[in-house]
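Just so it is clear, none of the values below were taken in a lab; they were calculated from the coordinates. What you see is a predicted model; the values in this text were computed from it and never measured. Positions of Cβ are backbone-derived with ideal geometry, glycine not excepted, and every protein chain shown enters the neighbour counts.
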Amino acid sequence: QKEVEQNSGPLSVPEGAIASLNCTYSDRGSQSFFWYRQYSGKSPELIMSIYSNGDKEDGRFTAQLNKASQYVSLLIRDSQPSDSATYLCAVISQAGTALIFGKGTTLSVSS
Amino acid sequence: DGGITQSPKYLFRKEGQNVTLSCEQNLNHDAMYWYRQDPGQGLRLIYYSQIVNDFQKGDIAEGYSVSREKKESFPLTVTSAQKNPTAFYLCASQGQNTGELFFGEGSRLTVL
């Protein structure tokens, strides 16, 4: 069973701080990795996708991938109260095309 | 606007009734997916289709059925055989080259 693991949180950070969200996956052959943000009662929206080792930056968001250690992380700089949401990590395993999701980490940014 | 349209957004059903959730996309994507989300849980894959007239079971297909007669449409039927159907149902289509999923707004089903 392919698995994606995340700490459920809640992760609490003050406004303006860096929030660090982590995710590990079990299928070493996985090639595609995604971070989604989900507000309460809403559907997930794509924040970042990353396919190769290293960092990928988009505005205040940075995704980091380390295939050797089988983890992917999301950094949110200058966190805002509007960033308060559940963040879902998702992976496409080597054998398939469907995304496998973790259970999500709840982030709370206090003003 | 391009996107995924799910309907209805809210649905109430009595036990023993079948219900069909609609999903339509105009992104010209080949692959479409249905996921289920329960409170505090991640998304679990019900069914997916990579091409018209073909679909595959996901991890929790029991009690559900789908069809893919048109590229744009991928309806999900929740049958009376599904033991715990109350959940948030999410339909998505997948970008051809990126693998990214784009979700509809979801359908929230409550069984009374």
So, in nm, how far is label A:Phe61 from label B:Ser73 when the simple model puts each one 7 Å beyond its Cα toward the Cβ?
3.3
Got a sec? Which residues in region A:84-107 would a label at A:Tyr39 touch, if it sits 7 Å along Cα→Cβ and we count backbone N under 20 Å?
A:84-89, A:104-107
Could you tell me the calculated FRET efficiency between B:Lys14 and B:Val52, based on Cβ-Cβ distance and R0 = 45 angstrom, to the nearest 0.05?
0.85
Once the mean of 1/r over all distinct C-alpha pairs in region A:5-52 is inverted, the Kirkwood radius in Å reads 13.1
With label points set 7 Å from each Cα along the Cα-to-Cβ direction at B:Ile60 and B:Ser22, the distance between them in nm comes to 2.5
Kindly provide log₁₀ I(q)/I(0) values, in the same order as q = 0.11, 0.14 Å⁻¹, from the Debye equation applied to equal alpha-carbon scatterers of the protein assembly as shown.
-0.54, -0.87
How large is log10 of I(q)/I(0) for chain A at q = 0.10, 0.12, 0.16, 0.22 Å⁻¹ when the intensity is taken from the Debye formula with one equal scatterer per alpha-carbon?
-0.26, -0.37, -0.66, -1.20
